[in-house]
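Comments concern the structure below.
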Amino acid sequence: MKMNWKNALRGLLLSVLVVAGMNSQSAAQTVTMEPDAVKSPKPPLKSPRGSADVALDGKKITVDYGRPYMRGRKIMGGLVPYGQVWRTGANAATGFVTQTDITVGGVAVPKGSYTLYTLPSADGWKLIINKQTGQWGTEYDQSKDLARIDIKKEKLNATLDQFTISFDKKGDDKAEMIFDWENTRISVPIAVKK
């Protein structure tokens, strides 16, 4: 039996084209699926990072912190327990950087980098300025405290779902650092050290 090379070559070429066509259809399907996957909304982070800053006498003061949501939980006296040091945010420790010597609640704080913690209670709060930096929020070392400062507590008129730290500038060299969550506001005055 003689083999017809032309027919064999045509058959082989046709087979290659069919397989290549199937692969290109698969590739086309993959390409059309990619944009849909990119457009799919990602779930929000449970505690995204946030920051707040203020300039006093031209020098910046910055706070970098985790911003947890309430998510149906009791916050003050619950998730934020009274009588225990709280990381003042979520996840990595709350960073506090000042480019100038300041006073916080009347207590001298030299320029530098610190970590903020709080000690909440039903009646009043203390702000803890700690010299250890870069740690996870629950890795608190009391021996590294620079200061523990009494801070003002008041009730918010409306419930705030996400923990927020902000600054309210009171002049060129003064501000108030404010911590709001659930129905509680705590605040402390900051001023450039003279």
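Exactly one of (1) within 18 Å of GLU182 (Cα to Cα); (2) open to solvent by less than 80 Å² (accessible area, probe 1.4 Å); (3) at pLDDT below 95 is unmet by ALA37. Its number?
So the condition that ALA37 fails would be (1).
Does GLY58 qualify as being of a type outside the set (Ser, Thr, Tyr), crowded, with 16+ Cβ neighbours inside 10 Å and either under 20 Å from LYS193 (Cβ atoms) or in contact with a strand residue (DSSP E or B) (Cβ under 8 Å, 6 or more places away or on another chain) (or both)?
no
Scan region 139-194 for residues that are surrounded by fewer than 16 Cβ atoms within 10 Å (Cβ to Cβ), in contact with a Phe, Trp or Tyr (Cβ under 6 Å, 6 or more places away or on another chain) and either within 12 Å of LEU56 (Cα to Cα) or charged (D, E, K, R) (or both) and report the count.
1
When you go through GLY72, GLY78 one by one, which is the residue that is open to solvent by 60 Å² or more (accessible area, probe 1.4 Å) and either within 23 Å of the chain's Cα centre (by Cα) or on the phi < 0 side of the Ramachandran plot (or both)?
Of GLY72, GLY78, the one residue that is open to solvent by 60 Å² or more (accessible area, probe 1.4 Å) and either within 23 Å of the chain's Cα centre (by Cα) or on the phi < 0 side of the Ramachandran plot (or both) is GLY72.
Every residue in region 124-148 that is without any contact (Cβ under 8 Å) to a residue 12 or more places away in the chain and either touching an Asp or Glu at 6+ places or on another chain (Cβ under 9 Å) or assigned to a loop (DSSP other than H, G, I, E, B) (or both), please.
ASP141
The values are calculated or read from the model by the stated rules, or taken from the named source; none is laboratory data. Predicted model only: the values in this text are computed from it and were never measured. Note that each Cβ is placed from the backbone with ideal geometry, even for glycine, and that neighbours are counted across all protein chains shown. What goes into the accessible areas is simple: the full protein's heavy atoms, side chains included, and nothing from ligands, DNA or RNA. Shrake-Rupley method; radii C 1.70, N 1.55, O 1.52, S 1.80 Å.
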